[in-house]
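The values are calculated or read from the model by the stated rules, or taken from the named source; none is laboratory data. If you're wondering where the values come from, they're calculated on a predicted model, not measured in any experiment. Neighbour counts are summed over all protein chains in view; Cβ atoms, including those assigned to glycine, are modelled from backbone coordinates with ideal geometry. For accessibility, only protein heavy atoms count, side chains too; no ligands or nucleic acids. Shrake-Rupley method; radii C 1.70, N 1.55, O 1.52, S 1.80 Å.
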Amino acid sequence: MTTERTFLGQPRWFGTLFVVDMWERFSFYGMLAILYLYLVATPAEGGLGMSTGDAAALSGLYLALVFMAALPGGWVADRLLGARKATLYGGLFIAAGHACLAVPTAPALYPGLGLIVVGTGLVKPSMAAMVGDIYRGHPERREAAFSLFYMSIQVSALIAPVVTGYTAERIDWHLGFGIAAVGMLFGLAHYVIGLRHLDGVGALPANPLPPAARARVLRRAAGWGGGPALLLCLGVASGLLGFRQVLAVVGVLVLAVPIAYFVVLLRRPAMAPHRDRLRAFAWMLAASAVFWMLFAQVPALLNLFAKESVARTVAGFEVPASWFQSVQPLFLLALAPLFAALWLRLGGRVGAPPKFAVGLACGALAFGVMAVAAAQATRGPVSALWLLTVYLLIVCGELVIAPVGLSLAAEVAPRGFTSQILGLFWLFAALGVASGGQVARIATAVPDAAYYLALAAASAVAAAGVAVAARVLTRRLATPHDAPADRDTVPSR
């Protein structure tokens, strides 16, 4: 493989993968910026006219499914397709999904969202796997490459809401959705042209299934997945199942899968020596789900608050509400180095549970501020500084919960189970955002200030619980003295 550095100080292959990853993230963050606003916009405004509760539930389930899809998507790449084909097919699914959403008809919404979920589940783990494989044995170069990939995520997160938000809110919603389809196709064309720079990386499955096992898996997938999906589609087509019933069925599945997955994983014989640590880790997963429940309010109700209750006119120009979704990645880019330096300074003196308590406290404080802002908004539009303060506090919580949680997952994972335990962390994140979407239904029945204050109280209770149990949890999560030291680890990002 060529070592000529031609793209951001990296070999040519890096540019091949970078462009695909950038457009995939453009799709993700662009959707977060405009999906909820499109759902609640009236038909006269070009939207679907959903209630705020139904729209929050749907957008929460969409976000949850995106989180969950990486687990089966990674398995398909590892066992069936190989990372290279999985990335290509995933990108095509994403482009097709956005093309569906660009069609100005309501029935196109659900197949469009489904295609994007499937495509994202294939692309994200496959891209990471190829970068890891190319730099196998060179951890310092791999970490540098992943850092640049992280930069691509934040750049897309900054740009996507500005581009798609302005287009959707000021011109046409469906054109806003369709922009990502064009961009994704451009990224895939660049990917196909640049495949020669990858040599054999990702060309074959890393751990392919034997033909007999593949046939058996496909039969089971058709039975356990295809059958229920067919019944669900028939129920919708026949009118027996309405929109809310479908949301309830999918919501129950999203809530049940992480818990069921953890229980099945814990019952494996190989887990016997590690069960005490994993049970303690389950409390941390539950605490993280509370934070992600708060996080789910950002692209939904907080986005609506920006549209309806924030003074957004600057020098005669009305800032689109969706542009506020660019604030979080901006704060992330500014604060991530400071938090990384803080963790290095603290070293091993402060364990994960106290850090989680701080992250949850940031979430509680954010929604306490949000409750005050909502009370102020009853008398008229409020300053954008209220919402900016809320986003700043949420980002502080995210910079604690996400990296500390992933690091803890890698630490407690028994040998050979690192990927599954990391996947478990994101499954509970999905549980949290799905719960956040369902909880948002309450917002239509209570004053906004009371709703946000209740969320602040829930996060404060979770923070207090983790803080009180921190010493016990830290002891149970600690690596046993007789545990093998050469188990799988994940390189730091």
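Listing for the model above:
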quantity: Per-residue [θ]222 nm for the chain (sum of -39500 (n - 2.57) over DSSP H runs n ≥ 4, rounded to 500); calculated: -24500 deg cm²/dmol
quantity: Low-density loop cleavage sites - trypsin sites (Lys or Arg not before Pro) in region 39-87, where at most 12 other Cβ are within 10 Å (DSSP); calculated: none
quantity: Accessible surface, per residue, of region 295-390 when the full set of protein chains is kept, probe 1.4 Å, Å²; calculated: 44 Å²
quantity: Heavy-atom surface of region 80-132, accessible at 1.4 Å and reported per residue (Å²); calculated: 32 Å²
quantity: Distance between modelled label sites at Leu253 and Arg345, nm, 7 Å Cα→Cβ extension; calculated: 4.7 nm
quantity: Of all accessible heavy-atom area on the chain, the percent that carbon and sulfur account for (1.4 Å); calculated: 69 percent
quantity: Calculated log₁₀ intensity ratio I(q)/I(0) where the Debye formula runs over C-alpha points of the chain, q = 0.06, 0.07, 0.12 Å⁻¹; calculated: -0.27, -0.37, -1.18
quantity: Spacing of the two label points (7 Å from each Cα toward its C-beta) at Glu318 and Gln245, in nm; calculated: 4.0 nm
quantity: Ellipsoid semi-axes in whole angstrom, largest first, where each is sqrt(5λ) of the Cα gyration tensor of region 1-116; calculated: 33, 16, 12
quantity: Inter-centroid distance (Cα atoms) of region 406-450 relative to region 105-121, Å; calculated: 22 Å
quantity: For region 19-31, Karplus couplings with θ = phi - 60° (6.51, -1.76, 1.60), whole Hz, Gly/Pro x; calculated: 5, 5, 4, 5, 6, 5, 6, 4, 4, 5, 6, x, 5
quantity: Distance (nanometres) between label positions extended 7 Å along Cα→Cβ at Arg214 and Thr474; calculated: 5.1 nm
quantity: Qualifying lysines (Cα of each under 25 Å from Cα of Lys124; at least 8 residues distant if same chain); calculated: Lys85
quantity: Other-chain or far-sequence residues with amide H under 5 Å of Val310's (modelled H); calculated: Val382
